[in-house]
1. Using a 7 Å offset from the Cα along the Cα-to-Cβ direction at both Thr36 and Gln65, what is the distance between the two label points in nm, to one decimal?
2. Grab the other residues whose beta carbon is less than 10 angstrom from that of Ala86, score K and R as +1, D and E as -1, and report the net.
3. Peptides 48-61, 84-97: what's the order by average Cβ count within 10 Å, highest mean first?
4. Please give me the summed charge of the neighbours of Arg48: other residues whose Cβ is under 13 Å from its Cβ, Lys and Arg +1, Asp and Glu -1.
Amino acid sequence: MASSSHLSGSPGAPLTLNRYFMELHNLQQRGEIKYTEDIQSAGPANARTWSCFITVVSVGPAYNQTTVRETFWHNADQKQAARDGAAKQVLLNIGFNGAVH
């Protein structure tokens with residue numbers, strides 16, 4: 001599933017959903033953001049809904065400081081899609097515009 005949003009400055013390289021959480025994780029590994037993550041599921045096993053909540057604890061000076069203590073979330077029928085959707089919201093709101101690695 002490809003996303004129509006482009007966080008990367010590289011032309012012709014749309015981000016796929018499964019890259020948002022990976023990039024957010026990479027930012028945390030580099031010390032540019034700290035966050036907490038809470039994943040929950042609800043519903044019967046054959047129709048599970050996943051919810052991912054990511055709370056921004058801190059961000060580096062290059063990012064939007066008003067996002068600190070904000071929680072971003074996404075619901076989806078797959079756990080990874082919920083994680084990526086929430087991560088996408090975080091990246092957009094902190095002002096991330098770097099290339100996804």
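No value in this document is a laboratory result; all are computed from the given coordinates. Here the structure is a predicted model, which means the values were calculated and not measured. Ideal geometry is used to build each Cβ from the backbone, glycine not excepted, and the neighbour counts take in all protein chains shown.
1. Those two pseudo-labels are separated by 2.3 nm.
2. With Lys, Arg at +1 and Asp, Glu at -1, the net is -1.
3. Details: 48-61: 16.7, 84-97: 21.3.
So the peptides 48-61, 84-97, ranked by packing, come out 84-97, 48-61.
4. Numbers: positive: Lys79; negative: Asp77.
Once all neighbours under 13 Å are counted, the net charge is 0.
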